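The values are calculated or read from the model by the stated rules, or taken from the named source; none is laboratory data. Keep in mind that this is a model prediction, so the values were computed, not measured. No Cβ is skipped: glycine too gets one built from the backbone with ideal geometry, and neighbour counts run over all protein chains shown. Keep in mind that these areas ignore ligands, DNA and RNA; they rest on the heavy atoms of the full protein, side chains included. Shrake-Rupley method; radii C 1.70, N 1.55, O 1.52, S 1.80 Å.
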Amino acid sequence: MRKFLIILMWLVTSISVLLLVTLPVNLQTQLIAGASVLFLMMVLKTLNAGGIWRLIALAFGTAIVMRYVYWRTTSTLPPVNQLENFIPGFLLYLAEIYSVMMLALSLFVVSMPLPHRTTRPATKGELPSVDVFIPTYNEDIELLANTMAAAKAMDYPADKLTVWILDDGGTLQKRNADKIVESHIAEKRFKDLSELCEALGVHYLTREKNVHAKAGNLNNGLEHSTGELIAVFDADHAPTRDFLLETVGYFDEDDKLFLVQTPHFFLNPDPLERNLRTFEEMPSENEMFYGIIQRGLDKWNAAFFCGSAAVLRREALNVTGGFSGISITEDCETAIALHSKGWNSVYLDKPLIAGLQPATFASFIGQRSRWAQGMMQILRFRFPLFNGGLTIPQRLCYLSSTLFWLFPFPRAIFLVAPLFYLFFGLEIFTASGGEFLAYTLIYMVVNLMMQNYLYGAFRWPWISELYEYVQTVHLLPAVVSVALNPRKPTFKVTAKDERIDRSRLSELSTPFFVIFLVLLVGVGVTIYRIYTEPYKADVTLVVGAWNLLNLVFAGCALGVVSERGDKRPSRRVKVSRRCEFRVGERWLQGTIDDVSVNGLRVQVLGDVAEAVSIGMLTDVRFKTFATGDLGDLPLQVRNVRKQAGETSVGCMFMPDQPSDHSLIADLIFANSAQWTKFQLDRRGNPGLFKGTIWFFGVAIFQTYRGFSYLFRHLTGRGKKEWEGTL
């Protein structure tokens, strides 16, 4: 009876909403209703009302969106007999419907995400055996050394922890390659990496052939290991000491648990963050996914494997024959396969690894192209909506995650749509200026408000749109290619240890300047049409404003593809560790102030600047987290600064034995609390109004910076002139 009443209540509510949405009203009433909803949402947001009030605000916003969709469907499409208007008009309509559908899926996934899970510290006396897999292909050996050392230093019984390097760069196939240079490189890598693994107490494993890329490499590791659990870390993802103790305890609570996934935290900014200089003050792009979306997926038992920073149960992997390799995104595909077999997953929202992300725009696009193509393969081969093994909520969650990567299509349509009217006079959206104001503008602002409700401190206004725009230009052909030939894409490793020694334009920058200039011409055409066709001024102003908004994104993107030179290969992290610093034969008291994967800065007590010279080899001594023993780490002095009562010395690591990498890993990666603190320090919700003003200010400056880079590039000015503050 109770179930029947609930269904009846939902049915009555749904019919009532549909009646309100389809109710014919005049423009004035529509405008007043839309403005009232906006005001209500702003009041609730200002009061920071959560719980049921958050849902009420989102419900009112949804009603406005539905009202817009109804009006858009019934009143704005061009006549079918005018194909020159109808075809582009219908494409624009489909793009908007896609956006509304993705908003609906987002509301389902994240309207009320799970709160942060309390950690489940494992009982040390009853710990399962763990194999740690570090798959690698062509990553630098020193980068691998730090990851291996951090993995070996995890707080876990040594007899139950086995660390494996799964090397696909030293396979027999590569060592016997026909090209002698490639063969020599692979042979040297095989020898050097084997020796390093032996010195660090890590098992080295390679295979005969590079089959099925990363999935095949991981499955080869499964065949040669026996641990109950499998922890997977990318080559550049170094774990903190408490990674296993924070994660393995969940497997004791649920025999059907196959996955505990943790967020990916990055030490360095992505190209957008570095070139716009937002890394220290604005949440990273991935924080929206790991901070909100994965918690929303977790609510529906749909949090999925992200390829690294995760622990999986071997028993579950055996059910599906190991890691799936049909697509080039083996992680999400593996999760779908296991969820459809009735296994469960858990997402722990606590950064327990630190890694690197692509530094150049070209590598960033290469990584995103692989993600997009892999998700399209999953959509093609494992279409979530019709996957009978998944629950209905899981189907919707995976549908949201895969369909998201179709965004290049609607984003491209939104970019060119106003130009159809401005350049060719095509009326692909039949509405007056007043109707645009009452329906479209209200809808857009409500949409932004809803995004602010959903993602708030994790994603500032307009940033999602900018990320999508800078990816669309190059992802669109990648998505089209996989749609035409879903088996064509191959796995490509993303370069993450790159350096940009001097400022330059990205090799992928040309289309962005062309698009900007076309949109700028559109601004001129807008002015001309208003002057020559004053009777259409209301519509022309609306379309011109749309084109101007596109121009703002295009201008900001010019700053993204204008690569800033950076002498520092990675960001420094505040650590504050007591130490002793050697100056000649003396050991002086000091504090390690900050550290990066390449070096550190130490504050030495006393004025000893005259005794410390650039290029001098020295050592620093400190207590390790792992054992509490003193460790000596060799350094080379790079710069010296006098300060009040002390001397600041910048040094580069000079590891000459494997144990030195253990000390570097202890300095940088041991303490998980520092990653949490850094994330929290840059999380803050500027709100829609302040966030919009901030974004437009950034866009104006980045437009100027982009063209200054273009001018220097075209005039061939020297290297030194590129190394400025722009």
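Once the 1.4 Å probe is applied to the protein heavy atoms, the chain comes out at 44 Å² accessible per residue. Around the amide H of Asp619, modelled in the peptide plane, lie the amide H atoms of Arg582, Leu635, all under 5 Å away and 5 or more residues distant in sequence or on another chain.
Computed extension gain for Thr22 through Leu630, at 0.36 nm per residue and net of the alpha carbon distance, reaches 211.5 nm. Each semi-axis of the equivalent ellipsoid for the stretch 31-176 is √(5λ) with λ an eigenvalue of the Cα gyration tensor; in descending order they amount to 53, 30, 12 Å.
Spin-label model, Ala49 to Asp178: label points 7 Å out along the Cα-to-beta-carbon direction sit 7.1 nm apart.
Between Leu441 and Leu11, the simple spin-label model (points 7 angstrom out along Cα→Cβ) gives 4.2 nm.
The stretch 174-190 and the stretch 421-442 have Cα centres lying 61 Å from one another.
Computed from the C-alpha gyration tensor, the three semi-axes of the ellipsoid equivalent to the stretch 295-397 are 23, 17, 14 Å, from longest to shortest. Provide the net charge surrounding Leu508, with neighbours chosen by a C-beta distance below 15 Å and charges set as Lys +1, Arg +1, Asp -1, Glu -1. Computed value for this residue: -2.
Applying 1/(1 + (r/R0)^6) with r as the Cβ-Cβ distance of Phe711 and Leu520 and R0 = 22 angstrom yields a FRET efficiency of 0.85.
Working note: Karplus 6.51/-1.76/1.60 with θ = phi - 60° gives the stretch 457-466 the couplings 5, 8, 8, 6, x, 6, 5, 4, 4, 5 Hz, where Gly and Pro are set to x. Length gained on full extension, Glu507 to Leu40: 163.4 nm, using 0.36 nm per residue less the C-alpha separation. If you take all C-alpha pairs in the chain, what percent of them are over 34 Å apart? For the chain, the share of Cα pairs beyond 34 Å comes to 53 percent. Phi angles of the stretch 189-204 translate, via the Karplus equation with coefficients 6.51, -1.76, 1.60 and θ = phi - 60°, into HN-Hα couplings of 4, 4, 5, 5, 6, 4, 5, 5, 4, 4, 5, 8, x, 10, 7, 9 Hz per residue; Gly and Pro are given as x.
Residue pairs exceeding 26 angstrom between C-alpha atoms, taken from Lys214/Lys677; Lys536/Lys690; Lys188/Lys623; Lys152/Lys299; Lys179/Lys209; Lys256/Lys350: Lys214/Lys677; Lys536/Lys690; Lys188/Lys623; Lys152/Lys299.
Annotation: amide H of Glu646 within the under-5 Å range of Gly606, sequence separation 5 or more or interchain, hydrogens built in the peptide plane.
Nonpolar atom fraction for the stretch 337-460, defined as the carbon and sulfur part of the 1.4 Å probe accessible area, stands at 66 percent.
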